[in-house]
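Asks: Take a look at this one; I'll ask things after.
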Amino acid sequence: MKTDRNTDDQAADDAQSEASSETPTRVRRGWRRWLVPAVLVAVLVASAGVTAWLYFFQYRPDQQINADARRVAVDVASQGTIAVLSYGPQTLDEDFATAKSHLTGDFLRYYTEFTERVVAPATKQNAVNTSASIVHAAVAEVNPGSAVVLVFVNQLTTSKENPNGALAASSVKVGMTMVDGHWLINAFDPV
């Protein structure tokens, strides 16, 4: 009987050890079962937050720029382009002053220096007269404080050497910034 009792004790010990080993496994399995949904909920909440941020700080400001603001940006870029590219020897100072009234920042400094050193002497010496006209202009990018307008230009240039004139077609990417409630040109890049 001793052997039966040892077998019974052995069986009881085995049953107790199985029961104690099942408890941590069940706890671990329960924890794992909730981990995946918890991570999924956290990812969904984070993506909803990123979406909300993009909507309020990226998409909405662009949508708040209405058609009138775009039209004003195109008009100012067109007028400024004509002013920058049109000048004659008799009205040179007035032409440059008009052009400068449309400019700001580094481009204003560059334009002032370039017209004083290069354009003015050449215009006076060769009787250069240029007249620009806008073929088409459209907004490429617009934000509440900045805009880029693509301008297609025809420019007729006459001089002593070419009194009949030469017509040149070009396109310019006009960068603009809002200064005291007015659009001003801060970049003028031929494309």
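FYI, it's all coordinate maths here, none of it is from the lab. What you are looking at is a predicted structure, and each value in this text was computed from that prediction instead of being measured. Backbone-built Cβ (ideal geometry, glycine too); neighbour counts: all protein chains shown.
Asks: Under a point-charge model restricted to the Cβ atoms of Lys and Arg (+1) and Asp and Glu (-1), what is the dipole moment magnitude of region 91-191 relative to its Cα centre, in debye to the nearest 20? All intermediate terms of the calculation are to be shown ahead of the outcome.
Replies: On the way: 6 positive and 10 negative charges, 39 e Å.
Result for region 91-191 is approximately 180 debye, rounded to the nearest 20.
Asks: Which GluC sites (Glu not before Pro) in region 88-191 sit in a loop by DSSP (not H, G, I, E or B) and have at most 10 other Cβ atoms within 10 Å of their own Cβ?
Replies: On the way: sites: 94, 113, 116, 141, 161; in loops: 161.
Counting only loop positions with at most 10 other Cβ atoms within 10 Å, the GluC sites (Glu not before Pro) in region 88-191 are 161.
Asks: May I ask you to evaluate 6.51 cos²θ - 1.76 cosθ + 1.60, the Karplus curve with θ = phi - 60°, for each residue of region 131-141 and list the ³J(HN,Hα) values in order in whole Hz, giving x for glycine and proline?
Replies: 9, 9, 9, 8, 7, 6, 9, 8, 6, 8, 7
Asks: For region 91-106, in order, what is each residue's ³J(HN,Hα) by Karplus, 6.51 cos²θ - 1.76 cosθ + 1.60 with θ = phi - 60°, in whole Hz (x at glycine and Pro)?
Replies: After applying 6.51 cos²θ - 1.76 cosθ + 1.60, I find 10, 4, 5, 5, 4, 5, 5, 4, 4, 4, 5, 9, 10, 8, x, 4 Hz.
Asks: Return the distance in nm (one decimal) between the two label points of a simple spin-label model at residue 106 and residue 90, each offset 7 Å from Cα along Cα→Cβ.
Replies: Going from the residue 106 label point to the residue 90 one covers 3.9 nm.
Asks: For residue 187, list long-range residues whose amide hydrogen, built 1.01 Å from N in the peptide plane, is under 5 Å from its own amide hydrogen.
Replies: HN-HN under 5 Å from residue 187: 175.
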